[in-house]
Amino acid sequence: MIQYILIVGILLPQSLAHPGFFTSIGQMTDLIHTEKDLVTSLKDYIKAEEDKLEQIKKSYTYRWAEKLDRLTSTATKDPEGFVGHPVNAFKLMKRLNTEWSELENLVLKDMSDGFISNLTIQRQYFPNDEDQVGAAKALLRLQDTYNLDTDTISKGNLPGVKHQSYLTVEDCFELGKVAYTEADYYHTELWMEQALRQLDEGEVSTIDKVSVLDYLSYAVYQQGDLDKALLLTKKLLELDPEHQRANGNLKYFEYIMAKEKDANKSTSDDQSDQKTTLKKKGAPVDYLPERQKYEMLCRGEGIKMTPRRQKKLFCRYHDGNRNPKFILAPAKQEDEWDKPRIIRFHDIISDAEIEIVKDLAKPRLSRATVHDPETGKLTTAQYRVSKSAWLSGYENPVVSRINMRIQDLTGLDVSTAEELQVANYGVGGQYEPHFDFARKDEPDAFKELGTGNRIATWLFYMSDVSAGGATVFPEVGASVWPKKGTAVFWYNLFASGEGDYSTRHAACPVLVGNKWVSNKWLHERGQEFRRPCTLSELE
């Protein structure tokens, strides 16, 4: 519509600039041609608007909008449960960042001024490309951690789901493209194959097989499977014989194979059979040495404690060493692990307290940070995917009461502890294996606090998690599963002040659900008489 307004804007000033048109038939005939052009432009505009309206009716109003109406009606009844499903979270990011923008462009400057104005205002609060890519990467992370195949994720067959959701061909294609952009050809192949499979099954899509095969063949080639890459390229050319890149790739692949065949003529038949089967397939090389052990623990497949050790684990009532607050109503303790000793406290924080803590934290939630060992400063990291907020005891009596409860039950002074940190994990939210305490190569990690190293960790679970989200200790094979209203406690340092490296732990990715936790890091200062040093370095 803008272009036609511009035409009028150009032509009318010319008429005003030449007010004597009526005095010249010749000039008037020019206006006839001008008007003819305007009428033609107007008819083209009307036709374009009609085509646009028809497109909206077919693509959105009767199908997309009605589908979203049903979906949002279901989602608003249980927002946390709905976005707790990682597929729902990814699709929400994708819809708001991509699909609604496409709709906005389609109806921009249309009669729907009210809708456009509202959409434009709301647009500033929409997720951006980073959010959409982050949600896609989360699905890939969940796929690897929990050994899920693409078909399982695409069909939404995840444990504990409340809201079934499916991935379309477009969704699978988008996941493959995100992996491709990261040079992650392993996942590119998996998701492009899933997109192709759904197309073969007859799913209607705006994505065609040629586009999928284009990415797929290259991803396969990058992983060293030249035979399969050649086969996929030929399949692509059957659908589009004029595809320029595929024709070029075909010649290149055939050249490489011919060259290898000539090179293998002098070798034995057994050796020649290996000409193009040197595979590099598999997940990308990982920077995390204990990745396999960590992911096994997240799946509940970790090392099992021997019966002899299990017999030494007990449940008990704990009165905080005769603390008056717990003599008549002692806390319920359960041994989760022996070395390091991990204790769970049951029913230690009420639902009402949890809601107050969450309400205080929500407005302040920001991307969680980690200590940079080189600079000693806080920074964001890909291996920690959550948002957190810090709560001081003086700002609310509930926070103060929680802090004192930790002191009473642990016997440690909380006056030198860090503030209560509240964290909420998003789609695929995790915190990969790490230490809570500063190692010897990080002498300045907590220098600004002036309270020494982190002697112990107290962790509240403020929600149940439908699937995933365990706290695992890869060094020893322990897995602690979230249970709302409970808390776990362990010492990071031996009594001598030396770090206990067996406390290296991680927060597993949340597969389904919404994980809320809060933790208190207690420091060395103030514990000199509460936890005296021992003569042995490792006690």
| Of all residues making up segment 382-410, the number that are open to solvent by 50 Å² or more (accessible area, probe 1.4 Å) and closer than 30 Å to Leu142 by Cβ | 4
| said: Restricting to segment 494-519, count the residues that are buried (at least 21 other Cβ atoms within 10 Å of the Cβ) and either of a type in the set (A, V, I, L, M, F, W, C) or in the same structural domain as Leu148 (by the TED database) (or both). | reply: 8
| task | Would you mind stating whether Leu449 is touching a strand residue (DSSP E or B) at 6+ places or on another chain (Cβ under 8 Å) and open to solvent by less than 20 Å² (accessible area, probe 1.4 Å)? | result | no
| From Val488, Val414, Val472, which residue is over 29 Å from the mean Cα position of the chain (by Cα) and surrounded by 17 or more Cβ atoms within 10 Å (Cβ to Cβ)? | Val414
| Looking at segment 323-368, which of its residues are over 26 Å from Gly426 (Cα atoms), in contact (Cβ under 8 Å) with a residue 40 or more places away in the chain and open to solvent by 50 Å² or more (accessible area, probe 1.4 Å)? | Lys325, Lys339, Arg341
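The values are calculated or read from the model by the stated rules, or taken from the named source; none is laboratory data. As the structure is a computational prediction, the values presented were derived from the model and not from experiment. Cβ atoms come from the backbone with ideal geometry, glycine included; neighbour counts cover every protein chain shown. The accessibility values were calculated without ligands, DNA or RNA, using every heavy atom of the protein model including side chains. Shrake-Rupley method; radii C 1.70, N 1.55, O 1.52, S 1.80 Å.
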